[in-house]
Amino acid sequence: MKVPLELSFHNVQSSEALERKVRERVDKLHRFFDRITSCHVAIEVPHRSQANALAYHVRIEVRVPRKELVVSRDPGPHGDHFDPYVVVRDAFDAMERQLEEHSRKVRGEVKTLQKDGNLQGRVVRKLENHGFIATTDGREVYFHRNAVVGVDFDRLSDDEAVELVLMDGEGPAGTSATTVKRIGAMQLDPKA
């Protein structure tokens, strides 16, 4: 790392043990992407938590060439993060996933777009409000009825050729399409 770790505590007493845990996790980030230029970690207790049990918030900012990756773990509406070690662990796990994904993109291992800008595939199954598409690059992608454009979801049939745009990152159902558009069978390029 070109710039040393910046670690700050806000509205909470700093702890040598917690600081040591953060430094250990920062040192391991290079396993996921080796060109990290800087890292800033902020651990805080929001003002609303000070009267009640302490709910922790952790924010991690990692800078890599031409990009900044950010993870922010809030206590949530119920103030669920009472153990700072658990919040730090969860935040760093999320940052590792982001760095791993960024590393794959930099190496060219993530292919999301075809030469014309959109991925193609065929609808393999439809359920009540969602379905799945087998893409030409060998993946199975989830889509919700709200992602379908140009035709009503109910009129889309199994084995129909479609063009789709993928969501950045993964959703709860895995790789997901944000847009699904019916195309003619003659437009489908099975080698793409």
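The values are calculated or read from the model by the stated rules, or taken from the named source; none is laboratory data. As the structure is a computational prediction, the values presented were derived from the model and not from experiment. Backbone-built Cβ (ideal geometry, glycine too); neighbour counts: all protein chains shown.
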(request) Give the stretch 134-192 a look and list any residue that's on the phi > 0 side of the Ramachandran plot and at pLDDT 85 or above, or say none. (result) Gly150, Asp159
(request) Considering only residues that are among the hydroxyl-bearing types (Ser, Thr, Tyr) and either touching a helix residue (DSSP H, G or I) at 6+ places or on another chain (Cβ under 6 Å) or assigned to a strand (DSSP E or B) (or both), look in the stretch 2-39 and name the one that is nearest to Glu96 (Cα to Cα). (result) Ser38
(message) Among the numbered criteria (1) over 30 Å from Arg59 (Cα atoms); (2) among the acidic types (Asp, Glu); (3) at pLDDT below 80, which one does Glu128 miss?
(response) (3)
(request) Scan the stretch 90-99 for residues that are touching a residue at least 12 places away in the same chain (Cβ under 8 Å) and charged (D, E, K, R) and report the count. (result) 2
